[in-house]
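Undergrad: First, the structure itself, so that you have it in front of you.
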Amino acid sequence: MKDLTRADALRPRTRAVHSGTRRSQYGEVSEALYLTQGFVYDTAEDAEARFQECGPDEFIYARYGNPTVAMFEDRIAALEGAEAAFATASGMAAVNGALTSLLRAGDHVVSSRALFGSCLYILEDVLTRYGVEVTFVDGTDPAQWEAAIRPDTRAVFFESMSNPTLEIIDVAAVSKLAHAVGAIVIADNVFATPVLQRTLDLGADVVVYSATKHIDGQGRCLGGVILGTEQFIRKTVEPYLKHTGGAMSPFNAWVMLKALETMDLRVRAQADGALTIARALEGHPALARVIYPGLASHPQNNLAMAQMEAGGTVLSFELKGGKAAAFKALNALSVVTISNNLGDAKSIVTHPATTTHQRLSEDQRDALGIGPGLLRLSVGLEDPADLVDDILSALDAV
Ligand SMILES: *Cc1c(COP(=O)(O)O)cnc(C)c1O
């Protein structure tokens, strides 16, 4: 039998169904949920031995590791083509864990400026409080990366596709600049998804996900994961996270593990839907612009298509009539729901200026291209024709 835990033994869709499985003595088909905090030792000597050296299939306490969590970690690592993974309680625990476990006072980090609000908080407020120097750049401009990366730069951070304006980072080009000075490249790959982009192959050293998004894909659980080399995960990330409490719960790991089995199908269907909707909306008289990396009109369409298999599951569009028009359209939708998550089976629309990016000043929002008429649409698994009908009739109401 093939070793299903080997990342290169089978194609990604097959790995997403089988890799990492730890079958119990009962031979269950569907992976077991080991909802346990602790583990029993046969003897005092066994307990002593396990605390001295814990093997890959031995567990001590669920904050350190758990069989269901280990199945999720091994499966997503196999899918991503990473040597190892550490699952976390949320996407932010993954971002924070990757950065904080690596960095120390005096280190220098270069980061793209277009970041999810909580990522920005970690880089701008938390790391700097502990003496880490952070330089922000326009992530789409290679010259700014080149100017900012210094011989003493320790890490580079970016969201490979930014929220909500869907700017694309050239992962290979930025990684090359970072590696020339020995810096570690950490990519938040939520928007590009584990399905559509091979981020480690492009050059990143560490990939982080909010599993809350496409990995769960049905809006149920919070979770996150850090992927990288065996050395980075075991020697840098794990000691930090197992003692600071960012572990994923076994229940959430079980939900995420089973969700990985359908993620490929879901994400490809959602990306097809996003392209259909983007095409239907482009040129609409009520819209100032439609932003979707899979459209030829996206300023980085060539890079997006070279880096990704499709343009992603999210699109943004800007109403000419500003906030009033955007709110009118939001309130006229009937299939698409108003919320702020993404990657869900249900299509979700967000008004970033008054919700996810409300904390920013108007100048900051302008600099990021987040105008009062901008809406972000996370495309779900409904029939795209129903979504197009729903959005077009909402735009008629404006
Ligand atoms: C949602 C999100 C996060 C944070 O994930 P949580 O699971 O909500 O903690 C981080 N980065 C990006 C790009 C996200 O979209």
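Bear in mind that the values in this text are calculations on the coordinates, not laboratory data. No experiment lies behind these values; they were computed from the predicted model shown. So basically every Cβ, Gly included, is an ideal-geometry build from the backbone, and we count neighbours across all protein chains shown.
Undergrad: Which value at 222 nm does the chain reach when only helices count, each DSSP H run of 4 or more adding -39,500 (n - 2.57), with the total divided by all residues and rounded to the nearest 500 deg cm²/dmol?
TA: -11000 deg cm²/dmol
Undergrad: What does the charge count near Asn163 come to, summing +1 for each Lys or Arg and -1 for each Asp or Glu among other residues with Cβ under 11 Å from its Cβ?
TA: -1
Undergrad: Please find, in a Gaussian network model of the chain (springs between Cα atoms separated by less than 10 Å), the residue of His179, His351, His214 whose mean-square fluctuation is greatest.
TA: Among His179, His351, His214, the largest GNM mean-square fluctuation belongs to His179.
Undergrad: Ok, one more. What is the Cα centroid distance between the stretch 38-96 and the stretch 269-333, reported in whole angstrom?
TA: Here the answer is 40 Å between Cα centres.
Undergrad: Where in the stretch 224-245 does the amide nitrogen come within less than 13 Å of the point 7 Å from the Cα of Cys54, taken along Cα to Cβ?
TA: The answer is 234-235, 238-245, whose backbone nitrogens lie closer than 13 Å to the label point.
Undergrad: Using a cut-off of 14 Å between beta-carbons, work out the net charge of the residues near Asp125 (Lys and Arg +1, Asp and Glu -1, Asp125 not included).
TA: Overall, the nearby charge balance is 0.
Undergrad: Oh, and also: Which whole number of Å³ per residue matches the convex hull of the alpha-carbon atoms in the stretch 253-398?
TA: Cα convex hull per residue, to the nearest whole number: 120 Å³.
Undergrad: Summing +1 for each Lys or Arg and -1 for each Asp or Glu, what net charge is found among the other residues whose Cβ lies under 13 Å from the Cβ of Lys176?
TA: Local charge sum for Lys176: -3.
Undergrad: Now a separate question. Before anything else, pin down the relative contact order of the chain: Cα pairs under 8 Å, at least 6 apart, normalised by residue count, whole percent.
TA: So the answer I get is 16 percent.
Undergrad: Based on the alpha-carbon gyration tensor of the stretch 1-159 and its eigenvalue square roots a ≥ b ≥ c, which shape applies: rounded if a/c is under 1.5, prolate if not and a/b is larger than b/c, or oblate?
TA: Since a/c reaches 1.5 and a/b is larger than b/c, the shape of the stretch 1-159 is classed as prolate.
Undergrad: Identify, among Val290, Gly369, Val335, the residue whose Cα sits farthest towards the positive end of the charge dipole of the stretch 263-397, taking +1 on the Cβ of Lys and Arg and -1 on the Cβ of Asp and Glu, with the dipole about the Cα centre.
TA: Working it through, the farthest residue towards the positive pole turns out to be Gly369.
Undergrad: Explain nothing, just compute: Karplus ³J(HN,Hα) = 6.51 cos²θ - 1.76 cosθ + 1.60, θ = phi - 60°, for every residue of the stretch 28-40 in order, whole Hz, x for Gly and Pro.
TA: 4, 7, 7, 4, 7, 9, 8, 7, 9, 7, x, 9, 8
Undergrad: What residue among Leu295, Leu241, Leu265 has the largest mean-square fluctuation in a Gaussian network model of the chain, using Cα springs under 10 Å?
TA: Result: Leu265 has the largest fluctuation of those listed.
Undergrad: Moving on to the next point. Counting only pairs 8 or more residues apart or on different chains, how many lysine pairs in the chain have their Cα atoms under 19 Å apart?
TA: Value for the chain: 4.
Undergrad: Tell me the chymotrypsin sites (Phe, Trp or Tyr not before Pro) within the stretch 123-169 that lie in a loop according to DSSP and have at most 16 other beta-carbon atoms within 10 Å.
TA: Taking the stretch 123-169 and a limit of 16 other Cβ atoms within 10 Å, the loop chymotrypsin sites (Phe, Trp or Tyr not before Pro) found are Tyr130.
Undergrad: Beta carbons within 10 angstrom, averaged per residue: use that to sort the peptides 46-54, 386-394, 17-25, highest first.
TA: Result, highest mean Cβ count within 10 Å first: 386-394, 17-25, 46-54.
Undergrad: Sticking with this structure for a sec: Give, rounded to the nearest 20 debye, the magnitude of the charge dipole that the stretch 244-398 has about its Cα centre when Lys and Arg contribute +1 at Cβ and Asp and Glu contribute -1 at Cβ.
TA: Once rounded to the nearest 20, the dipole reads 340 debye.
Undergrad: Sticking with this one: Two decimals, Cα atoms only, Kirkwood Rh: what is Rg/Rh over the chain?
TA: 0.99
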